[in-house]
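S.K.: First the structure, then my questions, so here it is.
The values are calculated or read from the model by the stated rules, or taken from the named source; none is laboratory data. Every value quoted in this text rests on a predicted model; they were computed, and no experiment measured them. With ideal geometry, Cβ positions are generated from the backbone for all residues, glycine too; neighbour counts draw on all protein chains shown. These accessible areas exclude ligands, DNA and RNA; they are computed on the full protein's heavy atoms, side chains included. Shrake-Rupley method; radii C 1.70, N 1.55, O 1.52, S 1.80 Å.
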Amino acid sequence: MAPALAPLLASLAVAAAVLAAVADAACRHTNLTAGFAADLTMLQHQLRGTVRLDPSGACALQLTRFDLLAASPSARFWAADGPSLDDLAKGRPFSPLPLNATFRNETLRLPFSAPLPPLLAIFDPDTSSDLGHVFLSAVSNSSNTTAALASRIAAPTMFDNCVQLSEGYRLRWTLNVSAGEVDIGLEAAVGSEYYMAFGWADPKANSPAMVRSDVVVAGFTEEGMPFAEDYYITDYSECTMGKDDLPVSGVCPDSAYDDGRNNSRLVYGHRRDGVSFVRYKRKLDSEDDKYDVPVGATEEMAVVWAIGKLRPPDTLRPHYLPQNHGGPRDETFGLMRVNLSEVVDSCLGPLDADNKQDQDRIIADGKTPLVVTSAPALRYPNPPNPDKVIYINKKEAPLLKVERGVPVKFSVQAGHDVALYVTSDPIGGNATLRNKTEVIYAGGPDVHGVPATPTELVWLPDRNTPDLVYYQSVYEAKMGWKVQVVDGGLSDMYNNSVLLDDQQVTLFWTLSTDSISIAARGEKKSGYLAVAFGSGMLNSYAYVGWVGNDGVGRVKTYWIDGKSAAGIHSTSENLTYVRCKSEDGVITFEFTRPLKPSCTGKVECKNIIDPTTPLKVVWAMGASWSGDDLTDSNMHSVTSSRPIRVLLLRGSAEAEQDLRPVLAVHGFMMFVAWGILLPGGILAARYLKSLKGDGWYQIHVYLQYSGISIMFLGVLFAAAELRGFYVDSVHVKFGLSALLLAAFQPLNAYFRPKRPANGEVPPQNRVLWEYLHVITGRSAIVVGVVALFTGMKHLGHRYDSENVEELTWALMLWVLSAIVIALSLEYKEVKRRGGDRSFRGHWVLGNTEEDDSVDLLHPDSSARSSESRPSGVMEVQLEPLTR
């Protein structure tokens, strides 16, 4: 047996020698196990890849399936202790390999000659940008358990398989047969307002079709949050959601059907570089035979897919609903066959979107301040970043677009620890602390404030300002973002501009003699933009701008008197110089229209713009518009919460405040004054002189003084709450006239000429005074009552109150009742006097028995003086002598 064992022993010796040689050649700079593998996390530039130790055992890392959109020339593989900004800043280059080219599913070898760092990143030191990283957990002498665990978790963007559905739409998946489920990733180079749909066709159908398909619709909410929801298709239409007692039909979420439920589970989602990515799980067999299709793990099955615009939830439909995908087959929708168990990777390289800018955009103008605040970072565009970043007009680190020659006003109220400045340095935080140079264009350490005491900063970009600068904080790096400097724009073309409610729409205008030019620009992505004149969309004149599927921009006018599509009526306003465009999903439209339409008999003929009266403006945005063939699918997804009163002549705006309680108190006080007290005082002077003594004077004076006092209090109350006294409406003009006439009466009475003695002819100045006093007083009552009616009309116009018409009728009945009572009293008075036809005696002071010694301003003293001496008139009225 010995001779037979000799060859075997020799072979074992050779194998041992080889193993020993390999062991001696193994890299001594790491204790990573031979099976170590970790995925790169994607932060920017569509980074993907898996990191392993080089299979040869040499001191090198191997990157497989490596994808990356071209980075800057300064970007490198980077060694650092952690992913924070401070750790990365203290790191060092790991490899000299340049990354300013696009990598497509490539394999790289990265040698190293020193112990592996805790973190390997793709980092750009010039902009402090982390494009992605991976934890190298099992480094020598490492006790970081958290990092070790993190490295063993696959990145959510990595899958085993990938199929190209269309040029800009991909399907990725990883099958887990033991768990009976599949992880699916949908990825598309589309805008954030688009959905991605994928699912299985009905296997019982004769041929694959969208109808009766079980699909998942994935996308992003308007707040930027990902979602994935199970849908079942019963018809080629948008979901009806069971409105108006109709059954649920169309492309509807499973949860909208009876006994339906969402059987997909969202895992992860993000928007990066203009690409939407959503990962979700679904069971192969959910046991929902009614709305879900069971999927065979090893069976080739028909699948359907589509991309299109989403319609956000509204008051009628609580779900994000897909619109018709439109477009040709294999571009926006398609059918194919997929076997989940097959290994396939037909996706070559990263998706490269035409528009990579996902961050909110704000276009500055010279008249509206940009409100600068700070808040927690949620979707900062250039990680890593501090916990708190700069917000402008409530938007997180937006891309700010300014125009050369147009002043930019900042209202800085981000806290005293955030000092704003505009710099050439993309990192900020005072470049000199990093031994870097920077050019500061505006701001500095003193530009900080809080909402109670904001600091104003005015910056004027000029022709020497570069096309790209940055707004940042002096005290902390990477709190702000980019400023794009361009030539010209809407603010140069229009004289005035204001931000409408919620700072989501900017309104521009220029007034001419008989026309007005208007432009409206949305500050967020949408399918259409609507601006309307009125207190709300209901009962308003609306202007809608959108870009159709043919790429042509359109603007149409409507009268809206209902909350459904049936309440939106197309009008034919005379619009000229009409333009509409969409830039990065942001709608801008312009038009010119006459101030007063030159037509009659049509509803749009009443759409008159009076530059002297505040114009109430509201807005709305939605996913799609279809001109005249409107349906409930065209309902807006977001709208202004209140109207803004635009002061066209002043070039400013103010929020519409609910002043109905204030105006109600003002109106009640004016009704008491002009509807009760002041008319009562006139009636007392006219019809109560038959009473003994000076009682009529007392009643007359007290009622007039009380009415004038309440009137002044009502005016002051309204002026104080409205923060001003503006004579710009018919109501205010009538009210001011009545106030002046009423205030004139006490002064008039004080300078009253003396009454002549009995039998004497009244002097001319006395006659003129009597006529002036009576005509002024009665004119004041007429003007005051007219002011009451115009006040009711003004209230109805301002708030569209349902009770205004009823209150107006009640006021009319009150005035008519007062007129009837006055006529009745006049009839009795004429009858009592037995046919005395003296015009002056009847209609000036009421009779000729007035005692001029009675002082209207001081009735008590006047009464005492009148009692101390008799008059000839009193003797005439004594009872007959008895014998």
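S.K.: Residues of region 418-433 being at pLDDT below 95 and either in contact with a His (Cβ under 6 Å, 6 or more places away or on another chain) or surrounded by fewer than 15 Cβ atoms within 10 Å (Cβ to Cβ) (or both), which ones?
M.R.: Once the filter is applied, which keeps residues that are at pLDDT below 95 and either in contact with a His (Cβ under 6 Å, 6 or more places away or on another chain) or surrounded by fewer than 15 Cβ atoms within 10 Å (Cβ to Cβ) (or both), region 418-433 yields Thr432, Leu433.
For (1) within 48 Å of the chain's Cα centre (by Cα); (2) modelled with pLDDT of 85 or more; (3) on the phi > 0 side of the Ramachandran plot, each residue gets a yes or a no:
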position	(1), (2), (3)
Thr30	no, no, no
Ala34	no, no, no
Ala37	yes, yes, no
Arg48	yes, yes, no
Val51	yes, yes, no
Ala60	no, yes, no
Leu63	yes, yes, no
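S.K.: Would you check which residues across region 542-567 are in contact (Cβ under 8 Å) with a residue 60 or more places away in the chain and in contact with a helix residue (DSSP H, G or I) (Cβ under 7 Å, 6 or more places away or on another chain) and list them?
M.R.: If the condition is that a residue be in contact (Cβ under 8 Å) with a residue 60 or more places away in the chain and in contact with a helix residue (DSSP H, G or I) (Cβ under 7 Å, 6 or more places away or on another chain), then Ser564, Ala565 are the ones that fit.
S.K.: Residues in region 160-203 that are assigned to a loop (DSSP other than H, G, I, E, B), more than 38 Å from the chain's Cα centre (by Cα) and not small (Gly, Ala, Ser): how many?
M.R.: Within region 160-203, residues that are assigned to a loop (DSSP other than H, G, I, E, B), more than 38 Å from the chain's Cα centre (by Cα) and not small (Gly, Ala, Ser) number 4.
S.K.: Sticking with this structure for a sec: Please pick out the residue among Ala101, Ala89, Ala80, Ala70 that is touching a Ser or Thr at 6+ places or on another chain (Cβ under 6 Å) and under 22 Å from Pro426 (Cβ atoms).
M.R.: Answer to the check: Ala70.
S.K.: Return a yes/no flag: does region 313-328 have any residue that is in contact (Cβ under 8 Å) with a residue 12 or more places away in the chain, closer than 30 Å to Phe159 by Cα, surrounded by fewer than 21 Cβ atoms within 10 Å (Cβ to Cβ) and among the aliphatic types (A, V, I, L, M).
M.R.: no
S.K.: Within region 287-302, is there a residue that is aromatic (Phe, Trp, Tyr), touching an Asp or Glu at 6+ places or on another chain (Cβ under 9 Å) and part of a strand (DSSP E or B)? Give the steps one after another, and end with the answer.
M.R.: As a first pass, look at region 287-302 and keep what is aromatic (Phe, Trp, Tyr): 291.
Still in the running and touching an Asp or Glu at 6+ places or on another chain (Cβ under 9 Å): 291.
Now restrict to residues that are part of a strand (DSSP E or B): none.
No.
S.K.: Could you grab me the full set of residues in region 505-526 that are open to solvent by less than 40 Å² (accessible area, probe 1.4 Å) and assigned to a loop (DSSP other than H, G, I, E, B)?
M.R.: Glu523, Ser526, listed by residue number.
S.K.: Please enumerate the residues belonging to region 569-591 that are more than 11 Å from Thr557 (Cβ to Cβ), touching a residue at least 40 places away in the same chain (Cβ under 8 Å), surrounded by 16 or more Cβ atoms within 10 Å (Cβ to Cβ) and more than 18 Å from the chain's Cα centre (by Cα). Don't jump to the end; show me each part of the working.
M.R.: Here is the first cut: in region 569-591, the ones more than 11 Å from Thr557 (Cβ to Cβ) are 576-577, 579-590.
Imposing the further condition that a residue be touching a residue at least 40 places away in the same chain (Cβ under 8 Å) reduces the set to 577, 584-590.
Next cut, surrounded by 16 or more Cβ atoms within 10 Å (Cβ to Cβ) only: 585-590.
Passing the criteria: only Glu590.
S.K.: Among the residues of region 454-474, count how many are at pLDDT below 95 and of a type in the set (Ser, Thr, Tyr).
M.R.: 1
S.K.: Shifting gears a bit: Out of all the residues in region 131-138, is one or more under 21 Å from Ala80 (Cβ atoms), at pLDDT 85 or above, open to solvent by 10 Å² or more (accessible area, probe 1.4 Å) and of a type outside the set (Phe, Trp, Tyr)? Lay out the reasoning, then the answer.
M.R.: Start the filter on region 131-138 by keeping residues that are under 21 Å from Ala80 (Cβ atoms), which leaves 131-138.
When the remaining residues are screened for being at pLDDT 85 or above, the result is 131-136.
Within this subset, residues satisfying the condition of being open to solvent by 10 Å² or more (accessible area, probe 1.4 Å) are 133, 135.
From what is left, the residues that are of a type outside the set (Phe, Trp, Tyr) are 133.
Within region 131-138 (the criterion being under 21 Å from Ala80 (Cβ atoms), at pLDDT 85 or above, open to solvent by 10 Å² or more (accessible area, probe 1.4 Å) and of a type outside the set (Phe, Trp, Tyr)), the answer is yes, since at least one residue qualifies.
S.K.: So which residues in region 226-266 are part of a loop (DSSP other than H, G, I, E, B), free of Cβ contacts under 8 Å to residues at least 24 places away in the same chain and surrounded by 15 or more Cβ atoms within 10 Å (Cβ to Cβ), if there are any at all?
M.R.: Across region 226-266, the qualifying residues are Thr234, Thr240, Val248, Ser249, Gly250.
S.K.: Can you name every residue in region 401-433 that is over 19 Å from Glu456 (Cβ atoms) and without any contact (Cβ under 8 Å) to a residue 40 or more places away in the chain?
M.R.: Ala431, Thr432, Leu433
S.K.: Return the total of residues in region 53-104 being under 23 Å from Phe159 (Cα atoms) and either small (Gly, Ala, Ser) or in a helix (DSSP H, G or I) (or both).
M.R.: 1
S.K.: Let me ask something additional. How many residues does region 459-494 hold that are open to solvent by 30 Å² or more (accessible area, probe 1.4 Å), part of a loop (DSSP other than H, G, I, E, B) and out of contact with any Ser or Thr (no Cβ under 9 Å at 6 or more places or on another chain)?
M.R.: Going through region 459-494 one residue at a time, the tally reaches 9.
For (1) within 30 Å of Arg645 (Cα to Cα); (2) outside any helix (DSSP H, G or I); (3) at pLDDT 80 or above; (4) open to solvent by 100 Å² or more (accessible area, probe 1.4 Å), each residue gets a yes or a no:
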{"position": "His797", "(1), (2), (3), (4)": "yes, no, no, yes"}
{"position": "Glu802", "(1), (2), (3), (4)": "yes, yes, no, yes"}
{"position": "Trp814", "(1), (2), (3), (4)": "no, no, yes, yes"}
{"position": "Val820", "(1), (2), (3), (4)": "no, no, yes, no"}
{"position": "Ser824", "(1), (2), (3), (4)": "no, no, yes, no"}
{"position": "Lys831", "(1), (2), (3), (4)": "no, no, no, yes"}
{"position": "Asp836", "(1), (2), (3), (4)": "no, yes, no, no"}
{"position": "Arg840", "(1), (2), (3), (4)": "no, no, no, no"}
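S.K.: To continue, here is another question. Take region 40-72 and flag every residue that is farther than 22 Å from Ala353 by Cβ and open to solvent by 10 Å² or more (accessible area, probe 1.4 Å). Even if it seems obvious, please write down each step before you answer.
M.R.: First pass over region 40-72, keeping only residues farther than 22 Å from Ala353 by Cβ: 50-64.
Selection gives Thr50, Arg52, Leu53, Asp54, Pro55, Ser56, Gly57, Ala58, Cys59, Gln62, Thr64.
S.K.: Related question: Would you confirm whether or not region 626-646 contains a residue that is in contact with a strand residue (DSSP E or B) (Cβ under 9 Å, 6 or more places away or on another chain), assigned to a strand (DSSP E or B), open to solvent by less than 30 Å² (accessible area, probe 1.4 Å) and hydrophobic (A, V, I, L, M, F, W, C)?
M.R.: Yes: region 626-646 contains one or more residues that are in contact with a strand residue (DSSP E or B) (Cβ under 9 Å, 6 or more places away or on another chain), assigned to a strand (DSSP E or B), open to solvent by less than 30 Å² (accessible area, probe 1.4 Å) and hydrophobic (A, V, I, L, M, F, W, C).
S.K.: Give me the residue from region 759-783 that is modelled with pLDDT of 75 or more, in contact with a Lys or Arg (Cβ under 8 Å, 6 or more places away or on another chain) and over 30 Å from Lys733 (Cα atoms) and, out of that set, most open to solvent (accessible area, probe 1.4 Å).
M.R.: Across region 759-783, the extreme among qualifying residues is Val767.
S.K.: Go through region 536-593 and give me each residue that's charged (D, E, K, R) and farther than 12 Å from Ala520 by Cα.
M.R.: Within region 536-593, Asp550, Arg554, Lys556, Asp561, Lys563, Glu573, Glu583, Asp584, Arg593 meet the criteria.
S.K.: Return yes when Ser535 is modelled with pLDDT under 90, in contact with a helix residue (DSSP H, G or I) (Cβ under 9 Å, 6 or more places away or on another chain) and either outside any loop (DSSP other than H, G, I, E, B) or small (Gly, Ala, Ser) (or both) and no when it is not. So that I can check it myself, show each step before the final result.
M.R.: Working: modelled with pLDDT under 90: yes; in contact with a helix residue (DSSP H, G or I) (Cβ under 9 Å, 6 or more places away or on another chain): yes; either outside any loop (DSSP other than H, G, I, E, B) or small (Gly, Ala, Ser) (or both): yes.
Yes: the conditions hold for Ser535.
S.K.: Specify the residue that is least open to solvent (accessible area, probe 1.4 Å); the eligible residues are those in region 91-101 that are in contact with a strand residue (DSSP E or B) (Cβ under 7 Å, 6 or more places away or on another chain) and more than 24 Å from Asn31 (Cα to Cα).
M.R.: Leu99
S.K.: Would region 350-365 turn up any residue that is assigned to a strand (DSSP E or B), more than 18 Å from the chain's Cα centre (by Cα) and in contact (Cβ under 8 Å) with a residue 60 or more places away in the chain?
M.R.: no
S.K.: Give region 282-312 a look and list any residue that's open to solvent by less than 40 Å² (accessible area, probe 1.4 Å) and either within 17 Å of Cys239 (Cα to Cα) or among the basic types (Lys, Arg) (or both), or say none.
M.R.: Of everything in region 282-312, those that are open to solvent by less than 40 Å² (accessible area, probe 1.4 Å) and either within 17 Å of Cys239 (Cα to Cα) or among the basic types (Lys, Arg) (or both) turn out to be Arg282, Tyr291, Ala306, Ile307, Gly308, Leu310, Arg311, Pro312.
S.K.: Return the only residue of Val665, Val701 being assigned to a helix (DSSP H, G or I), open to solvent by less than 40 Å² (accessible area, probe 1.4 Å), modelled with pLDDT of 80 or more and more than 16 Å from Ala818 (Cβ to Cβ).
M.R.: Only one candidate passes the filter, namely Val701.
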